[in-house]
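The values are calculated or read from the model by the stated rules, or taken from the named source; none is laboratory data. Predicted model, so just to flag it, every value in this text is computed and none were measured. Because the Cβ atoms are built from the backbone with ideal geometry, glycine has one as well, and the counts that use them run over all protein chains shown.
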Amino acid sequence: MFQHRRDAAERLATRLSHLRGLHPLVLAIPRGGVPMGRVIADALQGELDVVLVRKIGAPGNPEYAIGAVSEDGSVHLEEEARHCQEAWLAGAIARQRELIEERRRRYTPVRNPIDPADRIVVVVDDGSATGATMAAALAILRQRHPTRLIAALGVAPPDTVARLETLADEVVCVAVPERFAAVGQFFTDFNQVSDDEVEALLAAGEAGTPISP
């Protein structure tokens with residue numbers, strides 16, 4: 001059990017300490033991954049940006065991912081998505097693409113995304129149930145030719161970790177419980193992260209402003 005996202009991030013940073021001084025690019029999955037990404041980037045003397053992927057939640061259970069949409073427009077669908085009506089699925093995909101475009105405009109309005117080519121890249125999220133969102137992020141980033149691609153998560157079930165190990169060069173996950181219902185069950189404080197917080201965390205790092213605990 002983690003106290004909060006900072007607790008999970010500090011534990012991840014310890015496991016990733018071999019990257020300190022190598023100027024890794026830490027790409028956080030918004031929104032929950034961004035506070036963790038800030039802590040990890042600072043600890044590793046790296047650079048922070050976001051990788052924009054959005055999960056497609058199941059009908060009636062939006063927290064359960066049946067797929068994901070990437071910033072490059074690609075769509076990654078899980079087996080469960082076959083049971084969805086085509087019109088519903090097309091609408092869900094369109095909504096997530098629109099949200100991705102809006103978030104990029106908000107999060108990095110004065111610069112382009114940081115290029116992961118020839119960089120050690122650490123993709124960070126607070127946790128993952130199915131791995132769909134992280135898998136989509138890894139797939140899009142692999143096409144950009146990083147020198148090493150690492151998935152870093154606070155918590156995920158064993159089958160998800162095994163899946164991600166086929167997509168990343170390395171998977172670092174602090175907690176890998178057999179019984180897993182939702183990411184939030186493993187955090188005492190799992191408050192939602194706002195877009196304003198994400199913007200502040202990204203801007204503070206660029207300006208060299210110290211990040212408060």
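Suppose the filter is of a type outside the set (Ser, Thr, Tyr) and under 24 Å from Val39 (Cβ atoms); does Asp189 pass it? So Asp189 fits the description; yes.
Answer with yes or no whether Glu101 is more than 16 Å from Asp125 (Cα to Cα) and outside any strand (DSSP E or B). It is true that Glu101 is more than 16 Å from Asp125 (Cα to Cα) and outside any strand (DSSP E or B).
Can you pull out every residue in the stretch 118-157 that is among the hydrophobic types (A, V, I, L, M, F, W, C) and either assigned to a strand (DSSP E or B) or touching a Cys at 6+ places or on another chain (Cβ under 6 Å) (or both)?
Listed by number, the residues that qualify are Ile120, Val121, Val122, Val123, Val124, Leu149, Ile150, Ala151, Ala152, Leu153, Val155, Ala156.
When the residues of the stretch 78-96 are filtered to those that are at pLDDT 90 or above and crowded, with 17+ Cβ neighbours inside 10 Å, the one that is farthest from His23 (Cα to Cα) is Cys84. A residue that is part of a strand (DSSP E or B) and surrounded by fewer than 22 Cβ atoms within 10 Å (Cβ to Cβ) occurs somewhere in the stretch 39-48. Restricting the stretch 169-213 to residues that are small (Gly, Ala, Ser), at pLDDT below 95 and over 23 Å from Pro157 (Cβ atoms) leaves a set whose member that is surrounded by the most Cβ atoms within 10 Å (Cβ to Cβ) is Gly205. Any residue in the stretch 147-157 that is out of contact with any strand residue (DSSP E or B) (no Cβ under 6 Å at 6 or more places or on another chain), within 14 Å of Arg31 (Cα to Cα), surrounded by 21 or more Cβ atoms within 10 Å (Cβ to Cβ) and not hydroxyl-bearing (Ser, Thr, Tyr)? Taking every residue of the stretch 147-157 in turn, none turns out to be out of contact with any strand residue (DSSP E or B) (no Cβ under 6 Å at 6 or more places or on another chain), within 14 Å of Arg31 (Cα to Cα), surrounded by 21 or more Cβ atoms within 10 Å (Cβ to Cβ) and not hydroxyl-bearing (Ser, Thr, Tyr). The residue of the stretch 122-146 that is surrounded by the most Cβ atoms within 10 Å (Cβ to Cβ), among those that are closer than 22 Å to Ala8 by Cα and more than 12 Å from the chain's Cα centre (by Cα), is Thr130.
Before we move on, is Arg106 over 13 Å from the mean Cα position of the chain (by Cα), of a type in the set (Lys, Arg), closer than 16 Å to Ile56 by Cα and not in a loop (DSSP other than H, G, I, E, B)? Show your work before the answer.
Details: over 13 Å from the mean Cα position of the chain (by Cα): yes; of a type in the set (Lys, Arg): yes; closer than 16 Å to Ile56 by Cα: no; not in a loop (DSSP other than H, G, I, E, B): yes.
For Arg106, the condition - over 13 Å from the mean Cα position of the chain (by Cα), of a type in the set (Lys, Arg), closer than 16 Å to Ile56 by Cα and not in a loop (DSSP other than H, G, I, E, B) - is not met.
Within the stretch 184-202, residues that are more than 19 Å from Ala129 (Cβ to Cβ) and touching a residue at least 40 places away in the same chain (Cβ under 8 Å) reach partners that are assigned to a helix (DSSP H, G or I) and of a type in the set (Phe, Trp, Tyr) with beta carbons closer than 7 Å, at six or more positions or on different chains, in the pairs Val198/Tyr107; Glu199/Tyr107; Leu202/Tyr107.
Among the residues of this structure, Val39 counts as one that is within 15 Å of Ala152 (Cα to Cα) and at pLDDT 90 or above.
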